[in-house]
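Enquirer: Quick one: this structure, given as structure tokens, is what I'll be asking you about.
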Amino acid sequence: MRLKAVPATLAVAVLTLSLSATVCADDVQNLKITRPAYSNDLVINLQRTRQEPIQSIEPAKVTDPAKVELGKQLFFDPRLSRSGFISCNSCHNLSMGGSDNLVTSIGDRWRQGAIRVPTVFNASLNAAQSRDGRAQTLAEQTGGSIASPMEMNSTPQAAENMLNTIPGYRDQFKQVYQLDRIGIAQITDALAAFESTLVTPNSRFDQWLRGNDKAITANERAGYELFKIAGCITCHSGPAANSSGYQQIDVVRTYPVRNPVIGSAGATGDQNDRMMFKVPTLRNVELTYPYFHDGAAKTLPDAVQIMGQIQLGRNFTDDENVKIVAFLKTLTGNLPSFRLPQLPLSGDNTPRPNPFAPPASSASLLQQP
Ligand code: HEC
Ligand code: HEC
């Protein structure tokens, strides 16, 4: 299998919003109704929406609130893990930018993962999930997280069995999926539905895109122009600033390899995919330090400087770096805000957490991430 990387060109579909339809002289004479069909605000917004390679994020449209609520409970439920102690939120902490601010993740039995936890915010806008292309969809990635020995170290069967002993879940799954027995497909589907709501619209940059000139400062604007001129935009474009899919991270200079992770080659076995990683979203990037797949860049200024060097062969001056960083901080949007879910109680026969029990199969611990 060879991973398909979206070419890092500026293939930006420009949406032409023209309000001024051609009007011929006869029409003008016959034109009696002057009231526009649009409200004034809408007309102003449409006229002033900026056509830029980074587009604004739309708020999530919830079509099935019961499913989203169920997915939210599962996201916070440690009973999906072998130990009964680790939930999705342990690593994708929604109070910490959807990640954990650690260099690499910590999974079952305090195992050190090999890779920096990516944020779940705006993950629904990713071309594919996971840093190396292992998983395509949110549901697929979610199933992988439950079963990965480096993460929750459970199995699909164990997760199903566990939830089927919890009456509150059985009732909700029945209501949402009309099924008497909960299966892994429904578990991952509900989780994916919740994850799709974790978008962060209305950043200051988005307000600027929608025509509010004052939403970003002159300095931040200069940083954005530099981001485009320098060539960052070739890979970081689209609503989540990551629409170029998977790219090499040593375009101009070799990336100093610090851990066994070799990019997509790990998933495809194709040496051409070595050091090819998913282009991460830059939305809310100020929250998700440290940076890169190995967490090697401690701060945003460091990450910007290294990107300039390895991807574009460019050494930014301090002033340029400050401007680009200032622009990147305008991408922080409205973080999801909701009531913490109360999890359904365990039934009398629900297995109790036992984080210190030996793993069911020691072979699973030998698997690589
Ligand atoms: C022990 C820490 C840990 C736990 C627990 C965990 N994850 Fe992850 N998650 C990771 C790591 C590490 C990656 C990156 C894996 C990779 O790229 O190969 C990841 C990747 C993801 C991604 C892909 C994001 C992207 O941008 O590529 C999604 C979505 C995700 N996890 C959702 C979940 C859900 C839902 C759960 C709960 C069922 C969960 N995770 C539990 C550590 C964790
Ligand atoms: C050739 C494509 C490409 C270009 C050009 C590029 N990037 Fe990146 N960028 C990537 C990839 C791939 C990663 C992920 C690296 C990793 O995970 O190790 C990344 C990661 C980042 C990160 C870290 C995000 C995180 O959460 O870890 C920042 C910040 C960043 N880029 C900013 C920039 C800036 C600023 C520029 C211009 C100076 C730039 N990039 C140019 C592909 C590119």
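Enquirer: Would you mind giving the average projected area, over all directions, of the Cα convex hull of segment 87-195 in nm² with one decimal? Mind dumping the intermediate values first?
Expert: On the way: hull surface 28.4 nm².
If you wrap the Cα atoms of segment 87-195 in a convex hull and average its projections, you get 7.1 nm².
Enquirer: Now for a different question. Could you list Y291, Y177, Y246 in order of exposure, starting from the residue whose Cβ has the fewest other Cβ atoms within 10 Å? Each step should come with its number before you reach the end.
Expert: On the way: Y291 20, Y177 17, Y246 24.
Ascending Cβ contact count within 10 Å gives the list Y177, Y291, Y246.
Enquirer: Starting from the Cα gyration tensor of segment 50-140, take the square roots of the eigenvalues, sort them a ≥ b ≥ c, and report rounded, prolate or oblate (rounded when a/c is under 1.5, otherwise prolate if a/b is larger than b/c, else oblate). List each step's numbers first, then the result.
Expert: On the way: a/c = 2.07, a/b = 1.34, b/c = 1.55.
Taking the square roots of the gyration eigenvalues as a ≥ b ≥ c, segment 50-140 is oblate.
Enquirer: What is segment 218-369 by shape, rounded, prolate or oblate, if you read a ≥ b ≥ c off the alpha carbon gyration tensor as root eigenvalues and call it rounded for a/c under 1.5, prolate for a/b larger than b/c, and oblate otherwise?
Expert: Details: a/c = 2.76, a/b = 1.52, b/c = 1.82.
It is oblate, given that a/c is not under 1.5 and a/b is not larger than b/c.
Enquirer: If you don't mind, another one. Which distance in Å, rounded to a whole number, links the C-alpha centroids of segment 276-293 and segment 114-145?
Expert: For segment 276-293 versus segment 114-145, the Cα centre distance is 13 Å.
Enquirer: Additional query: Could you tell me which of rounded, prolate or oblate describes segment 286-330, using a ≥ b ≥ c as the square roots of the eigenvalues of the alpha-carbon gyration tensor, with rounded for a/c under 1.5 and, failing that, prolate when a/b is larger than b/c and oblate otherwise? All intermediate terms of the calculation are to be shown ahead of the outcome.
Expert: On the way: a/c = 2.23, a/b = 1.14, b/c = 1.96.
It comes out oblate by the Cα gyration axes.
Enquirer: About the Cα centre of segment 107-198, what is the dipole size in debye to 20, counting +1 per Lys and Arg Cβ and -1 per Asp and Glu Cβ, all else neutral?
Expert: Details: 8 positive and 9 negative charges, 43 e Å.
Once rounded to the nearest 20, the dipole reads 200 debye.
Enquirer: Quickly work out the L345-to-N101 label distance, labels modelled 7 Å from Cα along the C-beta direction, and quote it in nm with one decimal.
Expert: Taking the simple label geometry, N101 and L345 are separated by 3.6 nm.
Enquirer: For E58, put the label point 7 Å out on the Cα→Cβ axis and report which residues of segment 110-149 keep their amide N under 18 Å from it.
Expert: 122-127, by backbone N distance to the label point.
Enquirer: Taking the beta-carbon count within 10 Å as an exposure proxy, list L345, L102 from fewest neighbours to most.
Expert: Ascending Cβ contact count within 10 Å gives the list L345, L102.
Enquirer: On to the next question. How large, in Å, is segment 158-259 by the Kirkwood hydrodynamic radius built from its alpha-carbon pairs?
Expert: Numbers: mean 1/r = 0.0544 Å⁻¹.
It works out to 18.4 Å.
Enquirer: Using Cα positions and a limit of under 15 Å, work out the aspartates and glutamates in reach of K323, with same-chain residues fewer than 8 apart set aside.
Expert: Cross-link targets: E220, E225, E286, D302.
Every number here is computed from the coordinates shown, using simple stated rules; none is lab data. Source: prediction; values computed, not measured. Here the Cβ is made from the backbone with ideal geometry for all residues, glycine too, and neighbour counts use every protein chain on show.
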